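To start, the structure itself, in structure tokens.
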Amino acid sequence: MTDAAIGAAYDSRAAEYVALAGAIEQMDARDAAAIAAWRDGTRGPLLDAGCGPGHWTEFLSRGGRDARGIDLSAEFIATARMRHSGIAFEVGTFRDLPFDSGSFGGILAWYSLIHTPPADLPEILAEFGRVLAPGSSILIGFFDGEPRERFAHAVAPAYFWSADALSDLLVDAGFTIVSTETRGREPAEISARPHGSLVAVR
């Protein structure tokens with residue numbers, strides 16, 4: 001799917017998504033702890049790439065941090081601006097981020113690369129690297145499984161990844177891997193698919 005088609009797919013189900021998973025309180029506490037630890041280990045402005053309705057962006061901004069969000073879905077961005085008026089949000093694609101090189105101290109890409117065709121991911125990781133300052137880091141959340149295997153996500157086709165496969169792409173893009181995590185899901189979690197996350201430094 002094209003970026004425009006993915007954005008339109010989320011636009012059509014934005015209200016449903018926000019009701020199901022649009023607040024920090026609906027997120028797993030382990031995810032919040034991991035993202036908080038990553039946030040607190042970074043310096044400088046933070047970008048929530050694929051911010052959805054802005055709940056993680058607001059979480060990144062806590063403690064006086066400068067955080068902003070970008071997403072393909074205009075409906076998500078409208079919701080984010082309404083809910084979090086003090087934070088900058090914009091509609092845009094990861095392929096051509098509207099930010100200067102070296103602008104950010106960290107990028108959160110929490111389950112926002114899952115719809116990217118695997119062949120296109122190196123281009124996007126390179127663009128993430130462009131807007132990160134030297135020594136800055138990225139935290140990626142993903143569905144853990146057979147790398148590049150497509151599955152029928154509720155909104156748009158998506159792809160599994162593994163920590164090893166993503167690590168290879170990140171190293172090729174000039175990153176150094178810091179840590180990886182995989183785990184199964186608890187019964188109360190929103191998704192039943194295994195979770196993975198990865199931190200890398202530019």
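Where a number appears in this text, it was derived from the coordinates with a stated rule and is not lab data. Computed from a predicted structure; not experimentally measured. No Cβ is skipped: glycine too gets one built from the backbone with ideal geometry, and neighbour counts run over all protein chains shown.
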Over the range 88-173 - Rg/Rh using Cα atoms and the Kirkwood inverse-distance radius
0.96
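For the range 5-53, what percent of Cα pairs sit more than 13 Å apart?
Result for the distance tail: 68 percent.
For every helix of n ≥ 4 consecutive DSSP H residues, a contribution of -39,500 (n - 2.57) applies; sum these over the chain, divide by its total residues, and give [θ] at 222 nm rounded to the nearest 500 deg cm²/dmol.
Dividing the helical sum by the residues of the chain leaves -10000 deg cm²/dmol.
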Return the tail of the calculated pair distribution for the chain, meaning the percent of Cα-Cα pairs more than 28 Å apart.
18
Taking max minus min of the Cα coordinates of the range 25-101 on each principal axis, largest first, gives extents in Å of 30, 28, 22
Over all directions, the range 60-113 yields a Cα convex hull whose mean projected area in nm² is 4.2
The chain: antiparallel bridges as % of DSSP beta bridges, rounded to 5, reads 45
Points 7 angstrom from Cα along the Cβ direction at ASP168 and ALA126: gap in nanometres?
1.8
Between ILE177 and ALA152, with labels modelled 7 Å along Cα→Cβ, what's the label distance in nm to one decimal, could you check?
3.2
Magnitude of the Cβ-charge dipole of the chain, K/R +1 and D/E -1, about the Cα centre, nearest 20 debye?
380
Residues with beta-carbon under 12 Å from that of ALA200, excluding ALA200: net charge, scoring Lys, Arg +1 and Asp, Glu -1?
-1
